[in-house]
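Down below is the structure, laid out as structure tokens.
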Amino acid sequence: MSYDSAKAQFADWGIDTETAIERLKTIPISMHCWQGDDVVGFEQKTGASGGGIQATGNHPGRARTPDELRADLEFAYSMIPGSHRLNLHAMYLDTDETPDRDEIEYKHFAPWVDWAKEQGLGLDFNPTFFAHAKADDNLTLSHPDQGIRDFWVEHGQRTREIAARMGAELGTICVNNIWVPDGYKDTPVDRMAARRRLEASIDQMIDPSQDRAHMRDAVESKLFGIGVEACTVGSHEFYMGYSMKNDTVLCLDMGHFHPTENVADKLSAASLFVDEILLHVSRPMRWDSDHVILQSDDVLQIAQELVASDLLDRTYIGLDFFDATISRTAAWVIGTRNMQKALLRALLMPLDRLRPAEDALDFTERFVVTEELKDLPFGQVWDEFCARMSCPSGLHLINQLEDYQGSVSGR
């Protein structure tokens, strides 16, 4: 079937495929650097991953240097239609120096900014509160030791300065996302004390003002992690309240909630009380295992909620998965394209027909229409989008992914 035939079929439903394609072109996805090297980073002072973070598998081709990681990223972006971003963690500095986390400066990340300019990418940033001796207790900003807290506050302040400089250099807002692994393996006696320390530490960390035209603070919750099964200090309720009170971006990570919770359902609820949301799109399997995302119901519902609730301009879409059992570049490419496919499917929904039906309590109409839509030739619209953006699809994509993996397997 040709694109023109598919376009005509969608038009019969009152859906303009051209409008959907043009809108999709404008939606950037922030692709995460840590899929490319299994969350190892490039610090000279290294430690175990920690914080409940673990990449499993030993597939050949892991990036071992910033240059190798950038080469892999360049290939991945060439396979992904549209203009996108890179989400960088503070442990991915590019320097011959050996600064500790509380000593990092913009100069240690300048090569990433220069590269981003060349590639036409925006950058996002994250302080790294794990894989460090001062995080061995699974307590950082909420640690009872003032000296430990001061160390991590300084680290966070420096990442905010670096993120603001990145945003200024690239002319685009850099989201600096705060996630800490803090919690307790067994039931604590005084949760309140830990949460008061966390609140005070973040207050201190984000107190120095940064230009919001260049940088936004985001805060990210988690249900639990390895070693913090009984209590996570930075729970969803904690950060929801903190974001509302302090006007930060609220990060919702799809892997950080109970398996029966629907993160898509949280978007419209949270957006009534916070101005902006950061999404970390992932695929948990029994826990926060961060599998590569599929075109699953969870991801499709996220995209539908963003479109139907008119939240695209208030939401930063980022990815957060890491799988070392498969080609790391293929994981990036397929995962990012699946997020785009979900958005395209959402943009191809006849909302002008579905909304009135729902308002009229005609749930039969809503049910029938949403099911019949699944049979429309979405694939032809996606292929047309890829072709217009000079990106491969289908077998051609698979061949290019296999060829590149073959070129890096000897690492």
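Tell me which helices (runs of 4 or more DSSP H) are completely within the stretch 139-250 and hold 3 or more residues being among the aromatic types (Phe, Trp, Tyr), or say none if there are none.
Passing ranges, in order: 236-246.
With the structure loaded, tell me whether Arg85 is farther than 24 Å from Val333 by Cα, buried (at least 18 other Cβ atoms within 10 Å of the Cβ) and charged (D, E, K, R) or whether it fails that test.
Considered against the rule, which asks whether it is farther than 24 Å from Val333 by Cα, buried (at least 18 other Cβ atoms within 10 Å of the Cβ) and charged (D, E, K, R), Arg85 comes out as no.
Can you name the number of the only condition in (1) of a type in the set (D, E, K, R); (2) buried (at least 19 other Cβ atoms within 10 Å of the Cβ); (3) farther than 20 Å from Thr140 by Cα; (4) out of contact with any His (no Cβ under 6 Å at 6 or more places or on another chain) that Glu220 fails?
The one condition Glu220 does not meet is (3).
Are there any pairs, at least 6 apart or on different chains, whose C-beta atoms fall under 6 Å, with the first in the stretch 391-411 and more than 20 Å from Thr325 (Cα to Cα) and the second part of a helix (DSSP H, G or I), and if so, which?
Listed by first residue and then by second, the contacts come to Pro392/Gln400; Ser393/Asp383; Ser393/Cys386.
Yes or no, residue by residue, for (1) touching an Asp or Glu at 6+ places or on another chain (Cβ under 7 Å); (2) polar (S, T, N, Q); (3) outside any helix (DSSP H, G or I):
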site	(1), (2), (3)
Val39	no, no, yes
Glu43	no, no, yes
Gln54	no, yes, yes
Arg70	no, no, no
Glu74	no, no, no
Val113	yes, no, no
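If we keep just the residues of the stretch 266-282 that are closer than 10 Å to Asp320 by Cβ and not small (Gly, Ala, Ser), which is surrounded by the most Cβ atoms within 10 Å (Cβ to Cβ)?
Ranking the qualifying residues of the stretch 266-282, first place goes to Val281.
Evaluate the stretch 100-119: report whether one residue or more is over 22 Å from the mean Cα position of the chain (by Cα) and of a type in the set (Val, Ile, Thr).
Yes - at least one qualifying residue is present in the stretch 100-119.
Go through the stretch 251-264 residue by residue and tally those that are charged (D, E, K, R) and not in a loop (DSSP other than H, G, I, E, B).
Residues flagged as charged (D, E, K, R) and not in a loop (DSSP other than H, G, I, E, B) within the stretch 251-264 amount to 1.
Scan the stretch 176-188 and tell me whether some residue there is in contact (Cβ under 8 Å) with a residue 24 or more places away in the chain, over 18 Å from Ser235 (Cα atoms) and under 19 Å from the mean Cα position of the chain (by Cα).
The answer is yes; a qualifying residue exists.
Please go through the stretch 115-133 and give me each residue that is over 24 Å from Pro81 (Cβ atoms) and either part of a loop (DSSP other than H, G, I, E, B) or at pLDDT 95 or above (or both), ordered by number.
Passing the criteria: Phe125, Asn126, Pro127, Thr128, Phe129, Phe130, Ala131, His132.
Could you identify the single residue in Ala55, Ala90, Ala20 that is under 25 Å from the mean Cα position of the chain (by Cα), surrounded by 15 or more Cβ atoms within 10 Å (Cβ to Cβ) and under 27 Å from Ala164 (Cα atoms)?
Step by step, each of Ala55, Ala90, Ala20 is checked, and only Ala90 is under 25 Å from the mean Cα position of the chain (by Cα), surrounded by 15 or more Cβ atoms within 10 Å (Cβ to Cβ) and under 27 Å from Ala164 (Cα atoms).
Of the residues Leu306, Leu278, Leu267, which is within 23 Å of Ile173 (Cα to Cα), outside any strand (DSSP E or B) and in contact with an Asp or Glu (Cβ under 8 Å, 6 or more places away or on another chain)?
Leu267
Hey, among Leu272, Leu279, Leu267, which residue is within 20 Å of Arg160 (Cα to Cα) and modelled with pLDDT of 95 or more?
The match here is Leu279.
Can you tell me how many residues within the stretch 335-351 are surrounded by fewer than 16 Cβ atoms within 10 Å (Cβ to Cβ) and in contact with a strand residue (DSSP E or B) (Cβ under 7 Å, 6 or more places away or on another chain)?
Matching residues across the stretch 335-351 total 0.
Are there any pairs, at least 6 apart or on different chains, whose C-beta atoms fall under 6 Å, with the first in the stretch 237-257 and touching a residue at least 12 places away in the same chain (Cβ under 8 Å) and within 15 Å of Ile206 (Cβ to Cβ) and the second outside any loop (DSSP other than H, G, I, E, B) and among the small types (Gly, Ala, Ser), and if so, which?
Pairs found: Val249/Ala218; Leu250/Ser243; Leu250/Ala270; Cys251/Ala218.
Return the total of residues in the stretch 198-210 being surrounded by fewer than 20 Cβ atoms within 10 Å (Cβ to Cβ), of a type outside the set (A, V, I, L, M) and at pLDDT 95 or above.
3
Of the residues that sit in the stretch 224-237 and are surrounded by fewer than 17 Cβ atoms within 10 Å (Cβ to Cβ) and at pLDDT 95 or above, which one is nearest to His256 (Cα to Cα)?
It comes out as Glu237.
Condition check ((1) part of a helix (DSSP H, G or I); (2) crowded, with 16+ Cβ neighbours inside 10 Å; (3) on the phi > 0 side of the Ramachandran plot) across all residues:
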site	(1), (2), (3)
Arg353	yes, no, no
Leu361	no, no, yes
Thr364	yes, no, no
Val381	yes, yes, no
Pro392	no, yes, no
His396	yes, no, no
Asp403	yes, no, no
Gly406	yes, no, no
Arg411	no, no, no
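The values are calculated or read from the model by the stated rules, or taken from the named source; none is laboratory data. Every value quoted in this text rests on a predicted model; they were computed, and no experiment measured them. Neighbour counts run over all protein chains shown; Cβ positions are idealised from the backbone, glycine included.
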